[in-house]
Amino acid sequence: SATVIATETFTFQETDEITLVTNTSDPDGDYVTLSYSYPFDDYGVWDTDYEDSGEYYVEVTASDGTNEDSERIKIVVEDRNRAPYFTENSATFDETDLIDLKELIVDPDSDVLRYDFGEPFNENGEWYTGYDDAGRYVVEIIVSDIEFEVEELIEIIINEKNQPPIIDESFSDDEVLYLNENE
């Protein structure tokens, strides 16, 4: 039997559906079945997903029930960039907490990110809240990686925190109290 298939390298990106199309013939006119090694299914199809980037060597085997012919091909799956995303659209904190908005942002590809944070957050996405900051805030955040720019409005709720008491007046150094024993 003879099988005609390409033996070169094929390149795809993550999330592509790959279908191996193989032309076969049998000099005796026998029915030919094909089988494919992992990660392809019985039909020569592989729905790649994120995290599938890498090089794969795949065996394609043609059989007429008596004889077999196999070819090995190389499949390269390249990384496909994914957009950064926000883990929450609302977060609650207490007065005097240090809030870091970057903790609410994830980039699945660990790309270097650029940020733009709305007030009252600084350029690093941080805000050290005080005792008078209780309330609800809606903050615009723009985050971008090498390919995507994502804009989101995040609700920040600051709960009031009990403040320690303050002594308004105290004895000063100028005031001296003289007391006799038993007074």
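Kindly evaluate residue 145 against the criterion of being surrounded by 14 or more Cβ atoms within 10 Å (Cβ to Cβ), without any contact (Cβ under 8 Å) to a residue 40 or more places away in the chain, closer than 29 Å to residue 82 by Cα and among the acidic types (Asp, Glu).
Judged against the criteria, residue 145 is not a match.
Identify all residues within the range 112-123 that are within 17 Å of residue 154 (Cα to Cα), open to solvent by less than 70 Å² (accessible area, probe 1.4 Å) and assigned to a loop (DSSP other than H, G, I, E, B); write none if there are none.
118, 120, 121, 122
For the condition open to solvent by less than 50 Å² (accessible area, probe 1.4 Å) and in contact (Cβ under 8 Å) with a residue 60 or more places away in the chain, what is the one hit in 79, 64, 109, 133?
When all the criteria are applied, what remains is 64.
How many residues does the range 27-52 hold that are farther than 30 Å from residue 109 by Cβ, among the hydroxyl-bearing types (Ser, Thr, Tyr) and assigned to a loop (DSSP other than H, G, I, E, B)?
2
Could you check the range 9-57 and list, in sequence order, the residues that are open to solvent by 70 Å² or more (accessible area, probe 1.4 Å) and at positive phi?
51
What residue, of 83, 6, is out of contact with any Asp or Glu (no Cβ under 6 Å at 6 or more places or on another chain), at pLDDT below 90 and assigned to a loop (DSSP other than H, G, I, E, B)?
On inspection, the qualifying residue turns out to be 6.
Quick check on the range 148-171: of everything there that is part of a loop (DSSP other than H, G, I, E, B), farther than 17 Å from residue 92 by Cβ and open to solvent by 100 Å² or more (accessible area, probe 1.4 Å), which residue is modelled with the lowest pLDDT?
Here the answer is 171.
Which numbered condition in (1) of a type in the set (A, V, I, L, M, F, W, C); (2) under 25 Å from residue 13 (Cα atoms); (3) touching a strand residue (DSSP E or B) at 6+ places or on another chain (Cβ under 6 Å); (4) in contact (Cβ under 8 Å) with a residue 60 or more places away in the chain is the only one that residue 45 fails?
Only one criterion is unmet by residue 45, namely (4).
Just give me the residues in the range 91-111 being part of a loop (DSSP other than H, G, I, E, B), among the charged types (D, E, K, R) and in contact with a Lys or Arg (Cβ under 6 Å, 6 or more places away or on another chain), in sequence order.
Of everything in the range 91-111, those that are part of a loop (DSSP other than H, G, I, E, B), among the charged types (D, E, K, R) and in contact with a Lys or Arg (Cβ under 6 Å, 6 or more places away or on another chain) turn out to be 95, 109.
The values are calculated or read from the model by the stated rules, or taken from the named source; none is laboratory data. Bear in mind that the values here come from a model prediction, so they are computed numbers and not experimental data. Neighbour counts run over all protein chains shown; Cβ positions are idealised from the backbone, glycine included. What goes into the accessible areas is simple: the full protein's heavy atoms, side chains included, and nothing from ligands, DNA or RNA. Shrake-Rupley method; radii C 1.70, N 1.55, O 1.52, S 1.80 Å.
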